[in-house]
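What follows is a short report on a single structure.
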Amino acid sequence: MAPNGPANGLSDASSSFLLHHPSTPTDPSPSHDYQQHHTHMDSSHGPVAQDQILTHAELPVIDLKLLSHADEAEIQKLLMAVKEWGFFQVANHDVPCKLFSEIEEQASHVFALPFEAKTRAEPAAGSFHGYLTKSLGEDGKMLQLSEALRLPLNPQHRSDMIMKFWPEGNEAFSFVVEEYIAAVEPVLLQLLRSLALGLGLDPLQFTHNLSNDANFSALRMNIYTASSQPSPTLGLVAHSDASLLTILHQSCVDGLQIRKDDKWIAITPQVGFFVVNVGDMLQVMSNDIFPSVVHRVIKNNNKCRSSVAYLKVPHPQFIVRPMPQLVSHQQPSQYSPFTAEEYYTSMSTHRLIDGKSNLDRFRISRT
Ligand SMILES: O=C(O)CCC(=O)C(=O)O
Ligand SMILES: [Fe+2]
């Protein structure tokens with residue numbers, strides 16, 4: 001098992017007002033010695049409280065081809081969607097449907113491996129990458145509810161990790177993952193350029209600091225087995241992502257919910273569309289114009305759900321701060337500058353937090 005001391009592996013800042021009444025763990029892990037993926041402010045796990053307001057909604061759909069032609073109307077549509085929802089869908093991208101089925105298939109192979117093979121790849125101390133399984137924190141709070149694999153974007157580190165699952169290597173897995181990353185990266189870059197343009201910034205403002213080597217930059221594969229419980233069961237606790245943007249492919253099984261206006265909103269998967277959300281880094285850099293919205297996953301009662309999230313963050317020495325062009329007398333800077341590393345460390349140290357996740361630690365108080 002991973003030799004973790006204090007929680008050292010939070011990939012995503014969390015937050016939130018999730019469940020009103022934390023319940024007792026229904027599925028305790030074999031050990032609490034594990035790597036944490038999200039920081040959770042609540043101790044929720046297991047069955048989800050029934051008294052939450054839930055609605056369904058369709059997220060705005062953004063045409064990536066139009067964005068790539070700098071279509072002004074589409075950029076404005078993107079801006080509106082991001083300000084209003086922090087989430088949107090992306091259509092008309094160049095990632096072939098075949099690659100979605102291939103990455104889903106390869107993910108299913110890794111999760112089907114024997115438990116010992118998977119746990120060989122549990123994150124090392126100080127790393128956020130590796131295999132995460134159901135586990136409790138030292139304090140008994142549920143920190144990981146389903147299985148996930150965080151693959152490094154750095155090719156050498158990724159190849160080392162793949163060897164932990166398959167000591168002889170696995171060409172098909174490596175090839176598909178590489179192809180998938182190569183196909184999704186341009187989607188991320190195009191969206192970040194369009195968002196910068198929409199804000200009147202240099203189009204490269206959000207992209208030049210990204211690093212494949214950062215501990216939080218990852219391709220995260222998630223699998224949520226069907227729930228056998230009659231009541232809704234949490235698959236992934238409420239959290240916000242640390243990334244600038246997260247590009248999510250979800251299988252055709254629903255479960256993703258986002259928090260908006262004190263309601264949980266279920267997002268119905270649409271074949272071939274990405275779901276994209278703003279992460280904490282972009283909320284800071286946009287000086288709160290773009291919200292990093294809390295989301296969670298509820299397990300499906302009949303079907304197994306899977307998803308693949310592409311998350312990219314700045315290199316650790318990068319100074320994260322609101323862009324000066326977005327700071328004014330009317331909208332003063334909402335955050336003190338910090339290094340990306342300080343943010344990651346803070347996420348690792350403060351496991352159980354309240355309020356809006358880790359971001360509040362860097363927010364300038366004006367009371
Ligand atoms: O499985 C999903 O739909 C959400 C995954 C997610 O939020 C994450 O990996 O950060
Ligand atoms: Fe997430």
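Of the set (1) surrounded by 19 or more Cβ atoms within 10 Å (Cβ to Cβ); (2) at pLDDT below 95, all apply to V184 but (2). Among the residues making up the stretch 70-92, those that are of a type outside the set (V, I, T) and under 20 Å from the mean Cα position of the chain (by Cα) are L78, A81, K83, E84, W85, G86, F87, F88, Q89, A91. Would you confirm, using the coordinates I've provided, whether D280 is among the acidic types (D, E), closer than 22 Å to L59 by Cβ and more than 14 Å from ligand 2 (Cβ to nearest atom)? It is false that D280 is among the acidic types (D, E), closer than 22 Å to L59 by Cβ and more than 14 Å from ligand 2 (Cβ to nearest atom).
Residues of the stretch 246-265 that are more than 9 Å from ligand 1 (Cβ to nearest atom) and touching a Leu at 6+ places or on another chain (Cβ under 6 Å): I247, W264. In the stretch 260-273 there is no residue matching the filter, namely being among the aromatic types (F, W, Y) and under 28 Å from E342 (Cβ atoms). Per the listing A214, A218, A242, the residue uniquely closer than 28 Å to S159 by Cβ, crowded, with 23+ Cβ neighbours inside 10 Å and away from ligand 1 (no atom under 14 Å from the Cβ) is A214.
Within the stretch 221-239, take every residue that is over 19 Å from E105 (Cα atoms) and within 14 Å of ligand 2 (Cβ to nearest atom) and give me the one that is surrounded by the most Cβ atoms within 10 Å (Cβ to Cβ). Among those residues, the one meeting the criterion is V237. Of the strands (runs of 3 or more DSSP E) lying entirely inside the stretch 255-361, the ones with 1 or more residues being buried (at least 24 other Cβ atoms within 10 Å of the Cβ) and aromatic (F, W, Y) are found at 274-278, 305-311. Contact map, the stretch 242-253: residues that are over 26 Å from N302 (Cα atoms) and free of Cβ contacts under 8 Å to residues at least 40 places away in the same chain paired with residues that are of a type in the set (A, V, I, L, M) and surrounded by 24 or more Cβ atoms within 10 Å (Cβ to Cβ), Cβ distance under 9 Å, separation 6+ or inter-chain. No pairs are found.
The values are calculated or read from the model by the stated rules, or taken from the named source; none is laboratory data. Computed from a prediction, not measured in an experiment: that's the story for all the values here. Quick reminder, even Gly has a Cβ in these numbers, built from the backbone with ideal geometry, and neighbours come from all protein chains shown.
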